[in-house]
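A.B. asks: Submitted below is the structure of interest, expressed as structure tokens.
The values are calculated or read from the model by the stated rules, or taken from the named source; none is laboratory data. Fair warning: this is a prediction, and the values are worked out from it, not measured in the lab. Cβ: placed from backbone, ideal geometry, glycine included. Neighbour counts: every protein chain shown. Calculation scope for accessible area: heavy atoms of the full protein, side chains included, ligands and nucleic acids excluded. Shrake-Rupley method; radii C 1.70, N 1.55, O 1.52, S 1.80 Å.
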Amino acid sequence: MNIILLGPPGAGKGTQAQRLVDSHGLKQLSTGDMLRAAVKAATPVGIKAKAVMDAGELVSDDIVSALIGDELDALSAGQGVIFDGYPRTAAQANSLDAILAERGRKLDHVIELDVDENALVVRITGRYTCAACGKGYNDHFEQPIVAGTCDKCGGHEFKRRPDDNEATVRTRMAEYRAKTAPILPIYEARGIVAHIDGMAPMDEVTSAIETVIA
Ligand code: AMP
């Protein structure tokens, strides 16, 4: 099974993808995570991508499509995949068709999380993670039970993404509206799109996704 999770930044794609990894053994392919790893490791791709990411703009189509192709090549043919944060432009959607066809794969579902942008700004600017284990928290919705101590691993250091500030978030949303939302009709024409209310409680979003892919 190959699935695309679509939705603006902060819609919950990463959280829901993680749940599908746990429940269905799918592999999450997040171009955002791959790029952040490249920035951290200061690879040539990371060095090129850093300023673009910090500004909330989109990294070039060629770079992200190459990353996705390489990741798919490292998987066994039968390993299902969730694309999280890719494709984000029509050019990437076209590349993905070719990338999948070359590897004998096809897209089964495109799941779009519908969300309210203003609520998302609050959600994103409030989010942070444990530096040691990666558990997610939010200033507004989920704080550690003991202030300053991670519930999961007991760590005391937390971090925020540099692009989770309001100005950058607004740019990322504008990029989504201008470049990513317009690719939906490509998939709607194939009859594989499901729209899910991404503002519902997380467990309800998960159940709705489970129903779609069942
Ligand atoms: P994300 O973690 O998906 O919100 O991505 C963080 C940042 O990485 C984005 O704001 C872009 O700068 C870059 N990025 C991630 N995925 C893509 C993509 N598919 N195409 C272009 N840029 C991307």
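A.B. asks: At a 1.4 Å probe, what is the % contribution of carbon and sulfur to the accessible area of the chain? Spell out each step's value before the answer.
C.D. replies: Working: 5720 of 10420 Å².
Answer for the chain: carbon and sulfur cover 55 percent of the accessible area.
A.B. asks: I would also like to ask the following. Rounded to the nearest 20 debye, what is the charge dipole size of the range 72-214 about its Cα centre when +1 sits on each Lys and Arg Cβ and -1 on each Asp and Glu Cβ? Provide the component values of the computation, followed by the final result.
C.D. replies: On the way: 16 positive and 22 negative charges, 94 e Å.
With Lys and Arg at +1 and Asp and Glu at -1, about 440 debye.
A.B. asks: If you don't mind, another one. Mind checking the per residue accessible area of the range 1-60 for me, 1.4 Å probe, whole number of Å²?
C.D. replies: Numbers: 2620 Å² over 60 residues.
Normalised by residue count, the accessible surface of the range 1-60 is 44 Å².
A.B. asks: Does the range 19-65 come out rounded, prolate or oblate, given a ≥ b ≥ c as the square roots of the eigenvalues of its C-alpha gyration tensor, rounded meaning a/c under 1.5 and, failing that, prolate meaning a/b above b/c? Provide the component values of the computation, followed by the final result.
C.D. replies: Values: a/c = 2.51, a/b = 2.18, b/c = 1.15.
Prolate, since a/c reaches 1.5 and a/b exceeds b/c.
A.B. asks: Take every DSSP beta bridge with both residues inside the chain and express the antiparallel ones as a percent of the total, to the nearest 5. Before the final figure, lay out the partial values.
C.D. replies: Working: 6 of 23 bridges.
Antiparallel: roughly 25 percent of the beta bridges in the chain.
A.B. asks: Would you work out which of Ala167, Tyr137, Gly191 lies farthest towards the positive end of the dipole of the range 124-212, given +1 charges on the beta-carbon of Lys and Arg and -1 on that of Asp and Glu, about the Cα centre?
C.D. replies: Ala167
A.B. asks: At 1.4 Å probe size, put Glu210, Glu112 in order of accessible surface, largest to smallest.
C.D. replies: Sorted descending by solvent-accessible area, the residues read Glu210, Glu112.
A.B. asks: Sticking with this one: Per residue of the chain, what 222 nm ellipticity follows from adding -39500 (n - 2.57) for every DSSP H run with n ≥ 4, rounded to the nearest 500?
C.D. replies: On the way: 9 runs with 95 residues, N = 214.
Calculated mean residue ellipticity at 222 nm is -13500 deg cm²/dmol.
A.B. asks: Along the charge dipole of the range 61-164, Cβ charges K/R +1 and D/E -1, which of Leu72, Asn94, Tyr128 sits furthest on the positive end?
C.D. replies: Toward the positive end, the furthest listed residue is Tyr128.
A.B. asks: Also, quick follow-up: Classify the chain: rounded, prolate or oblate, from the alpha-carbon gyration tensor (a ≥ b ≥ c, eigenvalue square roots; a/c under 1.5 rounded; otherwise prolate if a/b is larger than b/c)?
C.D. replies: Values: a/c = 1.44, a/b = 1.28, b/c = 1.12.
Taking the square roots of the gyration eigenvalues as a ≥ b ≥ c, the chain is rounded.
A.B. asks: Where only protein heavy atoms count, and the probe is 1.4 Å, what is the accessible area per residue for the range 105-192 in Å²? Before the final figure, lay out each step's value.
C.D. replies: Numbers: 4720 Å² over 88 residues.
Averaged over the residues of the range 105-192, the accessible area is 54 Å².
A.B. asks: If I fit a long axis through the Cα atoms of helix 202-213 and take the longest principal axis of the Cα atoms of the chain, what angle between them do I get, 0 to 90°, rounded to 10?
C.D. replies: Helix 202-213 and the main axis of the chain meet at about 10 degrees.
A.B. asks: Still on this structure, please answer the following. Residues with amide H under 5 Å of Phe158's amide H, sequence separation 5 or more or different chain, H placed in the peptide plane at 1.01 Å from N; which?
C.D. replies: Ala131
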